Every structure is written in C-alpha cells, then in structure tokens.
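Just so it is clear, none of the values below were taken in a lab; they were calculated from the coordinates. Small disclaimer: the values here were computed from a predicted structure and weren't measured. Note that we place each Cβ from the backbone using ideal geometry, even for glycine, and neighbour counts take in every protein chain shown.
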C-alpha cells in the first residue's frame, strides 16, 4: 500500500471510531445512563416517599444546588451555635414549614434563600459569641500579651480576634 493509501486508511479508521463513540454516548444518554434529569439533594434522600417540595428539589438541578448550599450553611451554623437543642428545634420547624407550604419552585427557591441567609447570620453570631468567650477566658488567665496573641493566632484570624 502506498503512503497516501495508508494515510487515507488511518483517517477512515479515526472517523469510524469517532462515529462509534458518538453513537455509544448518545445511547447512554437516551437510556439515562449518562446525565439524567434528576438531581440529588444533600440534606435528604430522594426516595419514593418524599413530599411535593422534596420532589421539586430532587428533580431540579438548581434546587438541588440550593440544597447543597443549605447543607453547608447548616453545618457551619451548627458548629458554632451555643444552644444545639434550640438550633435543632428551629431546623425541624423550618423544614416542616417548607414541607407544608411550598408546592411550587418559586416558593422552594425563596425558602432556600431565606433559610441560607438565616443560617449564615446564625454562623456570624455564633462565631462572634465564640470570640467573646475566648477573649474573656484569656483575660481571666492573665496571660502575657504575646501569649494571648499566640492563642488568638492559633484559634483564628488575629485581626478579628485581637484583644481590645
């Protein structure tokens, strides 16, 4: 076979392989093996027994993304809350409100945005409370200023935690 014949044969094989790959990917997508239309929520399991608002979240990537953000905001706020029992009670009440009242995407989006904002505020307040408690503890220990500064550096941002 001539050099140009070998080159044409290689091009043909590459095109055939590309076509086969494209067909295989198309088949996977049509069968649902690739990208499916459902999303996965971070804060609950998308099983058979879900509420109407949960079905919306499970079937909508935008809502699933908001659920992921909520899970992160929840964990951050929970880690700094001074009253875990009240925090958990509030979580249950908020969740129940959404389950009973949100039947469409607009309501669920608004609920997620409001809840994420509330949890972010809880995180800020909890962090501020921890800083206050840490500063009071350091003051009671009568540590030398360099030792206090070292503790503050270890515990967090020295700028926001500096002794005043």
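Structure above, values below:
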| quantity | calculated |
| --- | --- |
| Förster radius 22 Å - calculated FRET efficiency between residue 85 and residue 117, Cβ distance, rounded to 0.05 | 0.45 |
| Mean Cβ neighbour count within 10 Å, used as a protection proxy, ranking 135-147, 112-124 highest first | 112-124, 135-147 |
| The stretch 42-164: proportion of alpha-carbon pairs further apart than 20 angstrom, % | 53 |
| Contour minus Cα-Cα distance for residue 109 and residue 132 (0.36 nm per residue) | 4.8 nm |
